[in-house]
Amino acid sequence: MPSTQTIKKIVDIGDTLHRSGCAPYKVEKYAQHYAQKHGVDVMVQATPTAINYQFPDKNNTVVLKRLKPASINLSLLANTIIRINQPSNEPVPEPVGYPKWIVALANMGIPPAYLMLVGSTLEAIAFSMLLGLMVWVCQLVYRGRNAIAVEFISALLTGVLVAFIASTGAAIPIWALCIASVVLFVPGLSIANSLECLAFNDLVSGTALLGQSALTLIKLFIGVMMGLNIGEAFWGQTDSISYTNEVPLWLHCFGLLLISTSIGVIFNARPKDILLGLPVAVLGMWGPFYLGFESGWVVGTWVTTVLITLYGTW
């Protein structure tokens with residue numbers, strides 16, 4: 001019969017996995033694997049907001065934890081997986097985050113890096129850095145209970161400021177600049193986790209994550225639309241320029257390095273993991289175009305996915 005301390009360790013591992021942004025079905029798998037290493041039989045049911053542990057060998061003891069929606073902390077996730085594979089009596093070490101000035105630079109780096117990748121004017125790239133700083137300030141102001149509003153407020157202020165910049169006659173693509181400024185909040189990992197859960201028949205978690213992602217996208221869209229309308233009410237109607245790409249090739253390549261590093265910093269990835277992720281970024285960016293072997297981007301995407309999976313497994 002498992003001891004109370006062993007049960008607590010298993011529950012703590014599951015809670016930490018959830019807190020670090022692990023997909024719910026993987027939380028179940030990792031928690032059960034950790035329990036097996038301690039000779040404990042456990043049934044785990046995880047959702048985006050709760051985890052249920054049942055221990056048949058402990059008189060069917062049930063531990064139900066109600067949890068907040070997970071954030072993304074890749075260093076904590078890495079430390080937790082290491083602890084699962086190398087069990088210890090010590091708690092999972094909490095990773096030390098990056099200094100605030102580095103996080104601020106990362107927030108300022110994502111919008112221009114996005115525009116470098118998709119192509120834009122040099123003026124828009126310069127203005128996007130200031131908008132990235134504004135988004136970072138919003139994250140500092142809206143924390144704790146108010147964090148639920150940070151996406152909408154950031155998008156609203158972005159729309160107002162972009163409308164003002166456009167009213168000065170600057171050559172900027174309005175919607176591209178707005179999207180670049182709030183692209184950090186686009187729930188790409190949540191969408192990926194939701195589709196992964198659905199693929200493994202975890203319909204409850206997959207549907208919940210997909211709905212949460214849809215609501216985030218709605219907040220961003222409504223915020224930008226309202227911001228642009230408010231800005232135009234103050235400074236008059238603004239016209240966006242047609243697609244213009246003034247980004248040279250070397251800056252396009254630098255944009256991929258910049259956005260990969262910046263996202264790694266914001267999600268608190270370890271420096272060595274950021275470096276290991278750069279080949280994946282290169283494959284994801286150019287693989288579908290050059291690995292299709294004259295069969296189109298569909299084959300190229302499939303080959304790229306296989307290579308990325310093999311690289312991650314290795």
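The values are calculated or read from the model by the stated rules, or taken from the named source; none is laboratory data. Computed from a predicted structure; not experimentally measured. For neighbour counting, all protein chains shown are included, and Cβ atoms are generated from backbone atoms with ideal geometry for every residue, glycine included. All accessible areas refer to the heavy atoms of the entire protein, side chains included, with ligands and DNA or RNA removed. Shrake-Rupley method; radii C 1.70, N 1.55, O 1.52, S 1.80 Å.
Within the bounds of the range 107-121, is there any residue that is outside the structural domain of residue 34 (by the TED database), at pLDDT 90 or above and closer than 19 Å to residue 75 by Cα?
There is at least one residue in the range 107-121 that is outside the structural domain of residue 34 (by the TED database), at pLDDT 90 or above and closer than 19 Å to residue 75 by Cα.
Between a residue in the range 152-169 that is closer than 19 Å to residue 186 by Cα and any residue that is of a type in the set (Lys, Arg), which pairs come within a Cβ distance under 6 Å, given they are 6 or more apart or on different chains?
Every condition considered, the pairs that remain are 152/219.
Contact list please: Cβ distance under 6 Å, first residue in the range 181-203 and outside the structural domain of residue 24 (by the TED database), second residue part of a helix (DSSP H, G or I) and open to solvent by 50 Å² or more (accessible area, probe 1.4 Å), pairs at least six apart or on different chains.
Going by the 6 Å Cβ cut-off, the qualifying pairs are 183/114; 194/210.
For residues in the range 131-186 being surrounded by fewer than 24 Cβ atoms within 10 Å (Cβ to Cβ) and not in a helix (DSSP H, G or I), which is nearest to the chain's Cα centre (by Cα)?
Per the stated criteria, the residue is 186.
I'm told residue 128 meets every condition in (1) assigned to a loop (DSSP other than H, G, I, E, B); (2) at pLDDT 85 or above; (3) polar (S, T, N, Q) except one. Can you identify the failing condition by its number?
Here residue 128 meets the rest and fails (1).
Please work out which one of (1) in contact with a Gly (Cβ under 9 Å, 6 or more places away or on another chain); (2) polar (S, T, N, Q); (3) farther than 25 Å from residue 120 by Cβ is the condition residue 212 fails and give its number.
(1)
Of the conditions (1) open to solvent by less than 30 Å² (accessible area, probe 1.4 Å); (2) assigned by the TED database to the domain that holds residue 17; (3) not in a helix (DSSP H, G or I), residue 80 fails just one. Which one is it?
Of the numbered conditions (1) open to solvent by less than 30 Å² (accessible area, probe 1.4 Å); (2) assigned by the TED database to the domain that holds residue 17; (3) not in a helix (DSSP H, G or I), the odd one out for residue 80 is (3).
Would you point out which residue out of 205, 194, 181 is among the hydroxyl-bearing types (Ser, Thr, Tyr) and in contact with a strand residue (DSSP E or B) (Cβ under 7 Å, 6 or more places away or on another chain)?
Numbers: 194 fails: in contact with a strand residue (DSSP E or B) (Cβ under 7 Å, 6 or more places away or on another chain); 181 fails: in contact with a strand residue (DSSP E or B) (Cβ under 7 Å, 6 or more places away or on another chain).
Within the list 205, 194, 181, the selection yields 205.
Within the bounds of the range 281-292, is there any residue that is of a type in the set (Ser, Thr, Tyr), open to solvent by less than 80 Å² (accessible area, probe 1.4 Å) and outside the structural domain of residue 121 (by the TED database)? Lay out the reasoning, then the answer.
Of the range 281-292, the ones of a type in the set (Ser, Thr, Tyr) are 290.
Applying the additional criterion that residues be open to solvent by less than 80 Å² (accessible area, probe 1.4 Å) yields none.
No, because not a single residue in the range 281-292 is of a type in the set (Ser, Thr, Tyr), open to solvent by less than 80 Å² (accessible area, probe 1.4 Å) and outside the structural domain of residue 121 (by the TED database).
Quickly run through the range 51-100 and pick out the residues that are touching a His at 6+ places or on another chain (Cβ under 9 Å) and in contact (Cβ under 8 Å) with a residue 60 or more places away in the chain.
If the condition is that a residue be touching a His at 6+ places or on another chain (Cβ under 9 Å) and in contact (Cβ under 8 Å) with a residue 60 or more places away in the chain, then 84 is the only one that fits.
Would you confirm whether any residue within the range 100-107 is part of a loop (DSSP other than H, G, I, E, B) and on the phi < 0 side of the Ramachandran plot? Give the derivation first.
Going through the range 100-107, the residues part of a loop (DSSP other than H, G, I, E, B) turn out to be none.
Among the residues of the range 100-107, not one is part of a loop (DSSP other than H, G, I, E, B) and on the phi < 0 side of the Ramachandran plot, which makes the answer no.
Residues are listed down the side, and each one gets a yes or a no for (1) within 18 Å of the chain's Cα centre (by Cα); (2) open to solvent by less than 50 Å² (accessible area, probe 1.4 Å):
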site: 86; (1), (2): no, no
site: 91; (1), (2): no, no
site: 103; (1), (2): yes, yes
site: 106; (1), (2): yes, yes
site: 121; (1), (2): no, yes
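Kindly evaluate residue 27 against the criterion of being in a helix (DSSP H, G or I) and either crowded, with 17+ Cβ neighbours inside 10 Å or among the hydrophobic types (A, V, I, L, M, F, W, C) (or both).
Working: in a helix (DSSP H, G or I): yes; either crowded, with 17+ Cβ neighbours inside 10 Å or among the hydrophobic types (A, V, I, L, M, F, W, C) (or both): yes.
Here the answer is yes, as residue 27 does meet what is asked.
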